[in-house]
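Down below is the structure, laid out as structure tokens.
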Amino acid sequence: MSNLNWSRVLGCGLLSGIVWILLGSAVTALLGRDFAALPNNHLGKPTPGFILFNVALDLMEGISLIWLYAVLRPLYGPGVRTAVVAAFAWWIIVSLGDATWCSFGLFPPHTVVPLMIGTLPALVLATLAGAKFYKE
């Protein structure tokens with residue numbers, strides 16, 4: 001871990017986060033209609049605070065994606081394959097959390113599963129965007 005370029009993790013992670021915000025918003029707009037219609041859900045009528053909080057979370061997610069990419073580089077080497085592995089690993093972790101919320105009955109699966117499926121390609125593209133500029 002001492003070989004990580006932390007300034008690049010941060011900078012490339014922010015780039016990845018911005019791409020994730022754009023692509024994730026598009027996925028949510030296309031596939032999240034049922035989810036947005038759930039009671040007490042802020043997606044239907046987002047407040048400025050909700051938007052700001054989610055932008056901050058998405059930027060942190062981008063940083064986490066590039067951190068994971070940087071940690072995996074010594075094992076898989078730099079490049080597309082490692083970025084895809086990092087994105088897929090992150091997607092599995094997030095999807096397990098989503099499945100947990102569904103198992104608690106907080107969200108019906110038909111509202112969450114399309115978003116889970118649609119976010120995988122978006123996460124891959126966001127990770128590729130940040131990984132392209134990461135160097136140690």
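The values are calculated or read from the model by the stated rules, or taken from the named source; none is laboratory data. Here the structure is a predicted model, which is why all the values come from computation and not from measurement. Quick reminder, even Gly has a Cβ in these numbers, built from the backbone with ideal geometry, and neighbours come from all protein chains shown. We work out accessible area using only protein heavy atoms, side chains counted, and drop any ligands, DNA or RNA first. Shrake-Rupley method; radii C 1.70, N 1.55, O 1.52, S 1.80 Å.
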Quiz item: How large are Rg and Dmax for the chain when only the alpha carbon atoms are used, in Å?
Solution: 15.5, 47
Quiz item: How would Glu61, Glu136 line up by accessible area, probe 1.4 Å, largest first?
Solution: Glu136, Glu61
Practice problem: Provide the per-residue ³J(HN,Hα) series for region 83-93, in order, calculated from phi with Karplus coefficients 6.51, -1.76, 1.60 and θ = phi - 60°, each as a whole number of Hz, with x at glycine and proline positions. | Solution: 5, 5, 4, 4, 5, 5, 4, 5, 4, 4, 4
Quiz item: Where the only charges are on Cβ atoms (+1 Lys, Arg; -1 Asp, Glu), what is the dipole of region 10-136 about its Cα centre, to the nearest 20 debye?
Solution: 240 debye
Quiz item: Ranked from the most accessible area to the least, with a 1.4 Å probe and all protein chains present, what is the order of Thr119, Thr82?
Solution: Thr119, Thr82
Self-check item: Nearest 10 degrees, 0 to 90: helix 48-76 Cα axis against the chain principal axis
Solution: 40 degrees
Practice problem: Compare Asp98, Asp34 by solvent-accessible area with a 1.4 Å probe and give them largest first, with all protein chains kept in place. | Solution: Asp34, Asp98
Quiz item: Can you tell me the accessible area per residue over the chain, all protein chains present, probe 1.4 angstrom, in square angstrom?
Solution: 58 Å²
Self-check item: Rounded tilt (10° steps) of 6-31 against the dominant C-alpha axis of the chain
Solution: 30 degrees
Quiz item: In nm², what is the average projected area of the convex hull enclosing the Cα atoms of region 70-116?
Solution: 3.8 nm²
Exercise. Select from Leu14, Leu75, Leu30 the residue whose mean-square fluctuation is largest in a Gaussian network model of the chain (Cα-Cα springs shorter than 10 Å).
Key: Leu75
Quiz item: What percentage of the solvent-accessible surface of the chain, computed with a 1.4 Å probe over protein heavy atoms, is contributed by carbon and sulfur atoms?
Solution: 73 percent
Quiz item: Remind me, relative contact order of region 21-98 in percent, using alpha carbon pairs under 8 angstrom and six or more residues apart?
Solution: 20 percent
